[in-house]
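Inspection log for the structure reproduced underneath, given as structure tokens.
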Amino acid sequence: MRSGRRLGDLLGHRLGPRFGWLWGAYGTSALGTWLAFGAFPLIAIRVLHAGPAEVAALSSVGAAVGAAAAVPLGPWVEFRRKRPVLIAMDLVRFAALLTIPAAFALGVLTFLQLLLVSVVVAAADITFRAASGVYLKTLLPAEDLLVANARFESTAWTTTIIGPPLGGAAIGLLGPVATVVVDAVSYLLSALGIRATGGDEPRPGRRKAARMRAGDLLDGWRYILADSTLRPLFFNTALFNGLVMAAEPLLAVLMLGRLGFAPWQYGLAFAAPSIGGLLGSRLARPLATRFGQHQVLVTAGALRAIWPVGLAFLGPGTGGLLLVMGVEFGLIFCCGVFNPVYTTCRLERTATDRVARTLSAWAVTTKATTALLTAVWGVLGVLLGPRTAIGLAGVLLLATPLLLPRRAPAPLSEPEPTPSPT
């Protein structure tokens, strides 16, 4: 009995069995995703003998087109029960990914199929995240949102630590197609877990118009830009994520090419520092309780921007490897603190009947910005060299704290929703 109490104290106050099923579903799909990390480019290179341009298109075009396809899904999700949408998106990803091993077994796998599957998965990812934000907000009281988001964040970093090494071993033994099967099955298990959450979900108020209008597609962006807290957070996170991700391919070229690091050293340089994300996510709630959410949001958001510029000074050998690990640990630790607080703030500042559209617009913008900046930095890497381009991204990141909210937001007064006449 005493050990059970200690475990409860360690995990914090309980959020109920329904959240437990949702948390387990998230962890299962996240682990499957990281186990299959890099599987698509490897299939394109090893199985389809694709060139660099095709591999780059698979990473950027698939995400960008998937984001564009997800634009009308935000308003569509808003007026439907969220649990069936979550299950449907998991099943869509399960079915889409399963076509790859099926086509491979039949000898008919093509690059076009890989590209189409990446588009479908990207669109389903955005739709799933939009619906999950609403579902979480209706599942838990407001005071438990930070606890829940911190647990999701710690799970994300845990799967980041263990997934790629296990996936790399599986790829070495069974090939990249096998990890795609594992990823597909993880979405099926996630769907079953979400179905097990049970409970009655109220039907959202129906819109006055039977058909979706073109103007409805912009509702999420309008809501974000009209809010004095969401607006700076929106620009900050889109620019920060885009610049960080844009430098990653150049860092791979620098480490694996000119500096001569082995692939296992490159993997270690990013897997080991993920422990910082786990530690940061565990500290997010205690820090927010002591200093306030706004103070933690601004401080962690500013501190995470100071690390990436250090990658411009990367050198060969053990010293260079330790430099990358140190920079990534500091960056990931600050992100581990920032992300749960930022996610909670975003949910608290968004009215329940606008969450799906807002999160969808947010995700679409982030993915599109990342794709655009990755393409631009690829050109800069050719013109200026990888090291200079990485340093330029780091310098620009130093300015992103200026986009953080300067004042603590006032509580959002959310009126009782009244269903519109059918």
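Between T28, T179, T197, which gets the highest mean-square fluctuation from a Gaussian network model of the chain, Cα cutoff 10 Å?
T197
Give me the net charge of T158's neighbourhood, meaning all other residues with Cβ under 13 Å from the Cβ of T158; Lys, Arg count +1, Asp, Glu -1.
+1
What net charge do the residues around T237 carry, taking every other residue with its C-beta under 15 Å from that of T237, with Lys and Arg at +1 and Asp and Glu at -1?
Once positives and negatives cancel, what remains is +4.
So what's the gap between the Cα centers of segment 318-337 and segment 64-114, to the nearest angstrom?
Cα centres, segment 318-337 to segment 64-114: 34 Å.
Using a Gaussian network model of the chain whose springs link C-alpha atoms within less than 10 Å, name the residue from G319, G168, G394 with the highest mean-square fluctuation.
Most flexible of the set in this elastic network: G319.
Roughly what would the spin-label model give for R222 and A262, points 7 Å off Cα along C-beta, in nm?
5.8 nm
Between R407 and A142, what FRET efficiency follows from the Cβ-Cβ distance if R0 is 25 Å, with the result rounded to 0.05? Provide the component values of the computation, followed by the final result.
Details: r = 20 Å, r/R0 = 0.81.
The computed FRET efficiency comes out at 0.80.
Taking K and R as +1 and D and E as -1, what net charge do the other residues with C-beta under 13 Å from the C-beta of V327 add up to?
Details: positive: R304; negative: E248, E328.
Residues close to V327 contribute a combined charge of -1.
On full extension of the chain, what length is gained from L166 through F291, given 0.36 nm per residue of separation minus the C-alpha to C-alpha distance?
Contour length minus Cα-Cα distance gives 41.2 nm.
Would you give the gap between the C-alpha center of segment 243-309 and the C-alpha center of segment 348-411, rounded to a whole Å?
15 Å
Taking only C-alpha pairs under 8 Å that are 6+ residues apart, what is the relative contact order of the chain in percent? Walk me through the intermediate numbers first.
On the way: 630 pairs, mean separation 113.0, N = 422.
With pairs under 8 Å counted, the relative contact order is 27 percent.
Multiplying the sequence separation of F313 and A102 by 0.36 nm and subtracting their Cα-Cα distance, what value in nm do you get?
71.4 nm
In the Gaussian network model of the chain, springs joining C-alpha atoms below 10 Å, which of T110, T365, T158 carries the largest mean-square fluctuation?
T110
Let me have the relative contact order for segment 288-352, percent, based on Cα pairs under 8 Å that are six or more residues apart.
In percent, rounded to a whole number, it is 42.
How high is the relative contact order of segment 84-146, in percent, with contacts defined as C-alpha pairs under 8 Å that are six or more residues apart?
Details: 27 pairs, mean separation 28.2, N = 63.
Relative contact order of segment 84-146: 45 percent.
One-quarter of the Cα convex hull surface for the chain, in nm²?
22.0 nm²
No value in this document is a laboratory result; all are computed from the given coordinates. None of these values were measured; they are calculated from a predicted model. Because the Cβ atoms are built from the backbone with ideal geometry, glycine has one as well, and the counts that use them run over all protein chains shown.
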